[in-house]
Amino acid sequence: MKIPTTLKHKPVIVADNYENVDGRYAYQTDAKGLSLGLAQWNDRGKVEISAKVWRHTGEKWSRQSEELPLHRVLDLAILVCRALRYFQDAYRYELLYDPEKPVIDRVALQGDAMTVAVCMDNEKINEDIKLFSQVLSEDGELLGERLRRLSLILKEMGY
């Protein structure tokens, strides 16, 4: 299924077959494609690039399709990587975190830092963090494959 090109987001680079590789949802997902293109919120004289996940209900393109600026996509990748690294050692804590020190890291970005922390406002954090850790463990192979591929591409780019 081809990503539409007549909507406000203007695809430039696409992965039309994302439904075949959407992790555990492969071949059974409504996420049919990914694209990098001109953002739908562009104003005159101000152009931004965004990433978009294209969802299709089986009948039409879904309003639940998501569009993110590229820097947010990368910020999410940083957050995912930092969380994965944290959970490699989280077994050391009885609750998988230290309630007295919920901050995992401060990742320096643009003169400030993104604070990565355990969500202490979640009233079920003790249960949810165990489930989160379990899913990370179960998805280790799935995530590892993507991280290895990303690492190779970053090295190829000189990072």
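Could you tell me which residue out of Leu150, Val80, Pro4 lies farthest along the dipole of the chain toward its positive end? Charges go on the beta carbon: Lys and Arg +1, Asp and Glu -1, centred on the Cα centre. Sorting the options by dipole projection puts first Pro4. The ranking of Met120, Met157, Met114 from fewest to most other beta carbons within 10 Å of each one's beta carbon is Met157, Met120, Met114.
Extension gain, Lys155 to Leu109, is 14.5 nm, computed as 0.36 nm per intervening residue step minus the present C-alpha separation.
Answer rounded, prolate or oblate for region 10-64, using the Cα gyration tensor with square roots of eigenvalues a ≥ b ≥ c: rounded when a/c is under 1.5, else prolate when a/b is larger than b/c, else oblate. Since a/c reaches 1.5 and a/b is larger than b/c, the shape of region 10-64 is classed as prolate. Going 7 Å from the Cα of Met1 toward and past its Cβ, which residues in region 15-38 have a backbone nitrogen under 12 Å from where you end up? Under 12 Å, as judged by backbone N against the label point of Met1, lie 17-20, 27-34 of region 15-38.
Segment Glu141..Tyr93, full-extension length gain: 14.9 nm, with 0.36 nm per residue of separation and the alpha-carbon distance subtracted.
For region 9-15, putting each phi into the Karplus relation 6.51 cos²θ - 1.76 cosθ + 1.60 with θ = phi - 60° gives couplings of 6, 9, x, 10, 10, 10, 10 Hz, in residue order, rounded to whole numbers and with x for Gly and Pro.
The value given for region 71-156 is a Kirkwood hydrodynamic radius of 14.3 Å, derived from the mean inverse Cα-Cα separation.
Rounded to the nearest 10 degrees, the angle from helix 70-89 to the longest Cα principal axis of the chain is 30 degrees.
Charges at C-beta only: +1 for Lys and Arg, -1 for Asp and Glu. How large is the resulting dipole of the chain about its Cα centre, in Debye rounded to 20?
Values: 23 positive and 25 negative charges, 156 e Å.
Around 760 debye, computed over the chain.
Only Lys, Arg, Asp and Glu carry charge here, each on its Cβ (+1 for the first two, -1 for the last two); on that basis region 71-156 has a dipole of about 400 debye about its Cα centre. Taking the 0 to 90 degree range and rounding to the nearest ten, how far is the long axis of helix 125-138 tilted relative to the main principal axis of the chain, both from C-alpha atoms? With both axes taken from Cα atoms, the answer is about 60 degrees. Distance between the modelled labels on Asp75 and Val12, one decimal in nanometres: 2.1 nm (7 Å Cα→Cβ projection). P(r) for the chain, from all Cα pairs and a bin width of 10 Å, is 9, 28, 33, 24, 6, 0 %, short bins first.
FYI, it's all coordinate maths here, none of it is from the lab. The shown structure was predicted, so the numbers you read here are calculated from the model rather than taken from an experiment. Reconstructed Cβ throughout: ideal geometry from the backbone, glycine too, with neighbour counts over all protein chains shown.
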